[in-house]
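Participant: Following this message is one structure expressed as structure tokens.
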Amino acid sequence: MNAFVTHLRVVGALLIREMEARFGSKPGGYVWALLDPAAHIVLMTVLFQAIARAPALGTSFPLFFATGYLGFQFYQAMVGYINGAVKSNRTLLSYPNVAPFDTISARFLLQFMTTSLVACIVLGVIIGWIRVSPNLHWPPILQAATVAAVLDLGVGLINNVMFLKYPLYEQIFAIFNRPMFLVSGVFFLPDAIPLPYRDIVLLNPLIHVTMMFRTGFYDGYRAAGLDPGYLYNFAFLTLFLGMLLFTFSSTLLRNE
């Protein structure tokens, strides 16, 4: 019980530290966290409105891109932030009460709260602006955000170890992760891809995240090919492997 209370206190202190380091004491840091995804959505809207008459789903380009981009961000923004948690807090690990997992927990909580807040604000503004009141289905929205966060946590645990142990792996992961935005259904519907290419694309678990997220906003969207079982199994298997690797590498993480 004492160990758990200590963990909560350490994570709380690290969370405050991360907020100050990332956003600073001025509101500009928080504003940028909101403007960055909004700018991406506006840019995609302008580009695709110029080449298409209607989005692939519904009638609103901003809503279509926002539901894809923000659903994807529950993975992408978080994994980019968590990957360097241990490396960025090496000096703090000399304190006996600070464990490597505490640094990851603090960044995970901060980024999940930030992404959730940004998603609520951006989607709320878009829905109010287009004057359309979609019949929101919260279960798939919350499930998509949660399973994306679980997947991100698993990948982050693996990467924190691998980045320290094999510096080349960090470069390889960056190359592999960069095109994920293009192949995760942010600006297209996997349903429209002909077989057998659709089956190949659906091996990407992130495309199931964006599909599930969108089903919460579009009543008529059936998301052909969406496989929640595959997504859950992939995410929790990754988390299990990440926890296993992280646990057996605790000495490396403290002393590397």
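Participant: What shape does segment 111-256 take by its C-alpha gyration tensor, where a ≥ b ≥ c are the square roots of the eigenvalues and a/c under 1.5 counts as rounded, a/b above b/c as prolate, and the rest as oblate?
Facilitator: prolate
Participant: In the chain, which helices (entire DSSP H runs) extend 15 Å or more along their own long axis, judged by Cα positions, while averaging at least 1.0 on the Kyte-Doolittle scale? Walk me through the numbers before you get to the answer.
Facilitator: On the way: long enough: 2-23 (31 Å, 0.60); 28-51 (34 Å, 1.38); 61-82 (31 Å, 0.97); 100-129 (44 Å, 1.46); 138-165 (40 Å, 1.19); 167-177 (16 Å, 0.62); 205-215 (16 Å, 0.76); 228-248 (30 Å, 1.46).
Result, helices passing both filters: 28-51, 100-129, 138-165, 228-248.
Participant: Let me ask something else about it. Enter the Cα centre distance for the pair segment 42-99 and segment 152-177, rounded to the nearest angstrom.
Facilitator: Centre-to-centre (Cα) distance: 18 Å.
Participant: While we're here: Output the relative contact order of segment 155-215, whole-number percent, from Cα pairs under 8 angstrom with separation of 6+ residues. Kindly include the intermediate steps, with their values, before the conclusion.
Facilitator: Working: 25 pairs, mean separation 16.1, N = 61.
Reported relative contact order: 26 percent.
Participant: Still on this structure: Under 16 Å from a label point 7 Å along Cα→Cβ of Leu203: give me every residue in segment 212-232 with its amide N that close.
Facilitator: Once the point is set 7 Å along Cα→Cβ of Leu203, 230-231 turn out to lie under 16 Å by backbone N, inside segment 212-232.
Participant: Please list 71-79, 32-40 highest first by mean number of surrounding beta-carbon atoms within 10 Å per residue. Don't skip to the end; give the middle numbers.
Facilitator: Details: 71-79: 23.4, 32-40: 14.9.
So the peptides 71-79, 32-40, ranked by packing, come out 71-79, 32-40.
Taken together, the values in this text are just the output of simple stated rules run on the coordinates, not laboratory data. These figures come from a predicted structure and were not determined experimentally. For neighbour counting, all protein chains shown are included, and Cβ atoms are generated from backbone atoms with ideal geometry for every residue, glycine included.
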